[in-house]
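The values are calculated or read from the model by the stated rules, or taken from the named source; none is laboratory data. Remember, predicted model here, so these are calculated numbers, not experimental data. Cβ atoms come from the backbone with ideal geometry, glycine included; neighbour counts cover every protein chain shown.
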Amino acid sequence: MNNKFDLFDILIGNKKDIDFNHKPVIIQGITGSFGSTHTKLMKEYGTNIVAGVTPGKGGMSFEGIPVYNTVSDAVKETKAKISGIFVPAPFFLNAAKEAIDSGIKLLVAIPEHVPVLDSLKVLEYAKKNNARMIGPNTPGVIIPETIKVGIMPAKPFSSGSTVVFSRSGTLMYEVSHVLTQAGYGQRLCLGIGGDPINGTNLLEVFDLIREREDIDSVVVVGEIGGDAEEKLSEYIISSQFDKPVVAYVAGRAAPKEKKMGHAGAIVYGNYGSAESKILNYSKADVPVAKRPIEVPDLLKIKLKK
């Protein structure tokens, strides 16, 4: 993936842009029950949703938003570079490839149960076309008080300078809520996704924010299964990542060799266990909260160092 990809520029632009804070977004699957519900909520939040796409529904409108038969038509009319994909999993591969072919540069892939092979195909296709996918099985991405593309509720989030990256949707909301209550607003909150294949992984999102002066700390919400946290620990050490990092790992009490909710949350022996993740985080000087409510206290300590 191209490391020069600027997630913030794609989402909100820069001060040179006339449409600063008003980047156009299209929604694929806008007329479905899931897509329509969250389109309304995203629009109420202030997201600039300029078009929807549902094959066979072109010419309709939803909440004043025009609906097109194809992504190509929607992009031609709106110049959008962001798509929120709300189509059912069996249609995800074709929908994502259509978006990329039409010039979409950021795909926020909401559906769960996407076949792993389909996710791999989209990831490879995005790389070839200098596009980025978040998800699938993600709650989305939000820059609090500015833009949200996804299914997260608005209330837990507030604007600030901490970033939250999460493998879990509901835990992203909970951790952001306790951060907000403690006075730590968020610059960006992004759901990595709960599947084995992530369009954008933890190492990539850390790379995207490491040089940003408007971010002073990072909170990582992880869970048992896989080796994402172990690899992140190695990255923090080897790249000398210098922003304070605090973590939470869900599933400490889960029985081994049992899948717990997410397809990516499965532990074999010690591989992917909470103990493994906590040990590796300690090597990288990343404190791990036992409960979400402890995250702000650990963050306060790290920021004082």
- Residue count, region 55-75 (criterion: without any contact (Cβ under 8 Å) to a residue 12 or more places away in the chain and on the phi < 0 side of the Ramachandran plot): 1
- Residue by residue through region 178-215, note down the ones that are closer than 22 Å to F5 by Cβ and over 15 Å from the mean Cα position of the chain (by Cα). R210, E211, R212, E213, D214, I215
- Message: What pairs come out if I take residues in region 8-30 that are in the same structural domain as V53 (by TED's automatic domain parsing) and of a type in the set (S, T, N, Q) and pair them with residues that are part of a strand (DSSP E or B) and modelled with pLDDT of 85 or more whose C-beta lies under 6 Å away, six or more apart or interchain?
- Response: Q28/V53; Q28/S83; Q28/I85
- With (1) under 26 Å from S33 (Cα atoms); (2) assigned by TED's automatic domain parsing to the domain that holds E275 as the list, and T162 as the residue in question, which single condition is left unmet? (1)
- Search result, residues across region 76-105 that are touching a strand residue (DSSP E or B) at 6+ places or on another chain (Cβ under 7 Å) and farther than 15 Å from M133 by Cβ: E77, T78, A80
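Return yes or no: is K258 closer than 26 Å to Y173 by Cβ and either modelled with pLDDT of 95 or more or part of a strand (DSSP E or B) (or both)? Working first, answer last.
Values: closer than 26 Å to Y173 by Cβ: yes; either modelled with pLDDT of 95 or more or part of a strand (DSSP E or B) (or both): no.
Against the criterion (closer than 26 Å to Y173 by Cβ and either modelled with pLDDT of 95 or more or part of a strand (DSSP E or B) (or both)), K258 does not qualify.
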- Item | Enumeration of residues in region 88-110 that are surrounded by fewer than 23 Cβ atoms within 10 Å (Cβ to Cβ) and not in a helix (DSSP H, G or I) | P88, S102, G103, K105
- Query: Which one of these does N14 not meet: (1) in a loop (DSSP other than H, G, I, E, B); (2) surrounded by fewer than 18 Cβ atoms within 10 Å (Cβ to Cβ); (3) modelled with pLDDT of 95 or more?
  - Reply: (3)
- Query: In the set K23, K121, K76, K43, which member is modelled with pLDDT under 95 and not β-branched (V, I, T)?
  - Reply: K23
- Sole miss for S119 among (1) farther than 23 Å from S36 by Cβ; (2) in contact with a strand residue (DSSP E or B) (Cβ under 7 Å, 6 or more places away or on another chain) is condition (2)
- E234 passes all but one of the listed conditions (1) under 21 Å from the mean Cα position of the chain (by Cα); (2) more than 18 Å from M172 (Cα to Cα); (3) modelled with pLDDT of 95 or more; (4) in a helix (DSSP H, G or I); the exception is number (1)
- Message: So, in region 100-144, exactly how many residues are farther than 19 Å from A74 by Cβ and either among the polar types (S, T, N, Q) or without any contact (Cβ under 8 Å) to a residue 24 or more places away in the chain (or both)?
- Response: 7
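Okay, residues lined up against (1) closer than 13 Å to V219 by Cα; (2) outside the structural domain of S176 (by TED's automatic domain parsing); (3) modelled with pLDDT under 95; (4) part of a helix (DSSP H, G or I):
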residue	(1), (2), (3), (4)
A263	no, no, yes, no
I266	no, no, yes, no
E275	no, no, yes, yes
L279	no, no, yes, yes
V286	yes, no, no, no
I293	yes, no, no, yes
D297	yes, no, no, yes
K300	yes, no, no, yes
- Note on the structure: Per the filter on region 81-97, residues in contact (Cβ under 8 Å) with a residue 40 or more places away in the chain and either in contact with a helix residue (DSSP H, G or I) (Cβ under 7 Å, 6 or more places away or on another chain) or among the basic types (K, R) (or both) are K81, I82, S83, I85, F86, V87, F92
- What is the one condition in (1) surrounded by fewer than 17 Cβ atoms within 10 Å (Cβ to Cβ); (2) not assigned by TED's automatic domain parsing to the domain that holds G84 that P115 does not satisfy? (2)
